[in-house]
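This report refers to the structure that appears directly beneath it.
The values are calculated or read from the model by the stated rules, or taken from the named source; none is laboratory data. Quick caveat: nothing in here was measured; it's all calculated off a predicted structure. Glycine gets a Cβ as well: all are built from the backbone with ideal geometry, and neighbour counts include every protein chain shown. Accessible surface is based on the protein model in full, side chains and every heavy atom, while ligands, DNA and RNA are left aside. Shrake-Rupley method; radii C 1.70, N 1.55, O 1.52, S 1.80 Å.
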Amino acid sequence: LAPSTRPWRSPGEPQAPFSLSPPRWPMECEVIQEMIEHIEWVPPKPEPFCPPMGPEQALYTLGEEQGTVVYHSSPGNGAWGSTPERLHSPQTPTTLPASPTALQGSCFIRARVGGAPGPLSSPAAPLEGPQDTTLLFESRFESGNLQKAIKVGPYEYVLMLRPDLYTAKHTQWFYFRVQNTRQEPLYRFTIANMAKPKSLYGQGLQPLLYSQRDAQSRGIGWRRVGTDVCYYRGSAGEPPMFRLSWTMRFPHDGDTCFFAACYPYTYSHLQRYLRALAADPARSRYCRVQALCRSLAGNTVYLLTITSPGGTAGKRAVVVSARAHPGESGGSWAMRGFLDFLLSTHADARLLRRLFVFKVVPMLNPDGVVVGNSRCSLAGRDPNRAYGMVLPGSFPGVWHLRAMVQRVLAEREVVLYCDFHGHSRKNNVFMYGCDAGGNDTGTRLRQRVFPLMLSKNAPDKFSFSSCKFQVQKSKERTGRVCMWRLGVSHSYTLEVAFSGSTLGGRSSHFSMEDLKSLGRLLCDTLLDFCDPAPAKIQQCLVEADALLQQQMGHEPGSGGSWSNVSPSELES
């Protein structure tokens, strides 16, 4: 079902009618049959960042070698069996490999609905009786990621994440279930194989918890939890691994709870949204859902075309995409807000549909989202570094997106491309743009106008000072640079922090509503940016010029020039 074995007649053109078949998984992946769904909920007041702990304050954790494996599930490897396995004794310590997986060095071959055929294995240790307080872990569901849980104390667990499939790295996203909870004890969890040396967990970010009992009885959904949150270097090996540790109490005895790095947004979640959209006679008049292509596993990469009925002559285009990186689920919530507003009856939404043709790819990497990867597709590579590669069979989503934009550019101007992502190391929302230097001053200034306008429309979320415009060599194959080189003059990556905002008096986590509001604010900014009256554009050009003069150390009104200064020097 990969595009390489089913060649398309017209690259970039939608190829198939809209369909909603269940997610397809690699044959190695075991999948439980339960459908995991969560309610949407916004906390009554912002959830503040927690006081971060420094590495020197990290509480002592027993080594994995001194614990008992109570959960182990690795694709292609089945389970460790139905009984817990005692690891090596302290007298003969042997640390676990940094990223154990049965799929290192292998590659994707086949997929099917429901993943591995046959009966499921038993990766969790069975309870010995009602008095057994061991937590029951599970992650074999859509977007789930937890490979191993090791009990190192009565209420203390060391956890290992599964690397992206067919790789040995990219351990960042987590999403798993725990059952058999107790309300009274203080639990401690330590994820022992985080990949990145820096993280917002060191600046006040907390993990997310979802209590099924609270959702059913009180209507409460995902919320931030955790005290003594600490992010620090763990193993001394190469590459080094980093640890995320937190303590918490569960809200109920005998509850079913979930932990996640960010609000999950699965492929099935997207499909439910599209199903409701297709069933709505009003919205479906100006929104057409098609298949851009199939992924490696045969999952549909959906394309939405949104515009007012009655023809597209004279309309410019806007192209928006999300979830090239599956672990950046905040991008999907921003995309959800974008679609909600654009498909609404609001006067500004109607105006946008009259002015533009919107081409929207809400989930570029559905396979990665399905299996719970952090960064890669089933090709075992980052699809946002594959736009310059002529590999439709390996990276069908980005290849067909690029081809589609080329087709649109042959018909009309593309006024904006925006690719929604998440960021694990910087707070707030910001953008990456394209300023290669060498252009005239006006062109370089105009690259900065859209982000500057967005910062004015979202002063408590968007940081213009965090935006970067340098086109680094390592980013040449990203979506924004590729679209810019194709001829989209305003091409951006929208980066949404995993944490929240430090702007406008805030120091708090983003809620689902915060993330969705970004989509609406992007629509507001698009109208400002394309306003036929020049006043807003002129104001932002003057302000951007003054900010660049300030960066160069020139006094206001001094007449100093920055036009011959490279983007790397401007941002140094």
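Computed values, structure above
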| quantity | calculated |
| --- | --- |
| Subset of the stretch 514-546 (residues that are in a helix (DSSP H, G or I), open to solvent by 20 Å² or more (accessible area, probe 1.4 Å) and among the hydrophobic types (A, V, I, L, M, F, W, C)) | Leu527, Phe529, Ala535, Ile537, Leu541, Val542, Ala546 |
| Residue count for the stretch 316-335, restricted to those that are part of a strand (DSSP E or B) and polar (S, T, N, Q) | 1 |
| Qualifying strands (runs of 3 or more DSSP E) (wholly inside the stretch 385-494; at least 3 residues being within 19 Å of the chain's Cα centre (by Cα)) | 414-423, 429-435 |
| Total residues in the stretch 351-363, condition part of a helix (DSSP H, G or I) and either surrounded by 19 or more Cβ atoms within 10 Å (Cβ to Cβ) or in contact (Cβ under 8 Å) with a residue 60 or more places away in the chain (or both) | 4 |
| Checking Ser235 against (1) at negative phi; (2) open to solvent by 20 Å² or more (accessible area, probe 1.4 Å); (3) not assigned by the TED database to the domain that holds Tyr187, the condition it does not meet | (3) |
| Flag for Arg385 being open to solvent by 40 Å² or more (accessible area, probe 1.4 Å), touching a residue at least 40 places away in the same chain (Cβ under 8 Å) and basic (Lys, Arg) | yes |
| Count - residues of the stretch 368-378 that are of a type outside the set (Lys, Arg) and either surrounded by fewer than 24 Cβ atoms within 10 Å (Cβ to Cβ) or closer than 20 Å to Ala334 by Cα (or both) | 6 |
| Tabulated pairs, the stretch 325-350, first more than 18 Å from His423 (Cβ to Cβ), second among the charged types (D, E, K, R) and open to solvent by less than 10 Å² (accessible area, probe 1.4 Å), C-beta under 6 angstrom, 6+ apart or interchain | none |
| Residues of the stretch 463-486 satisfying the condition of being over 25 Å from Gly519 (Cβ atoms) and not aliphatic (A, V, I, L, M) | Gln470, Gln472, Lys473, Ser474, Glu476, Arg477, Arg485 |
| Condition broken by Ser268, with the remaining ones in (1) assigned to a loop (DSSP other than H, G, I, E, B); (2) closer than 21 Å to Trp333 by Cβ; (3) hydroxyl-bearing (Ser, Thr, Tyr) satisfied | (1) |
| Ser511 vs. criteria open to solvent by less than 50 Å² (accessible area, probe 1.4 Å), within 21 Å of Pro52 (Cβ to Cβ) and out of contact with any strand residue (DSSP E or B) (no Cβ under 8 Å at 6 or more places or on another chain) | yes |
| Matching entry among Gln147, Gln172, Gln206 (being touching a strand residue (DSSP E or B) at 6+ places or on another chain (Cβ under 6 Å), in contact (Cβ under 8 Å) with a residue 24 or more places away in the chain, crowded, with 18+ Cβ neighbours inside 10 Å and within 23 Å of Ser508 (Cα to Cα)) | Gln206 |
| Some residue of the stretch 183-193 being assigned to a loop (DSSP other than H, G, I, E, B) and buried (at least 22 other Cβ atoms within 10 Å of the Cβ) | no |
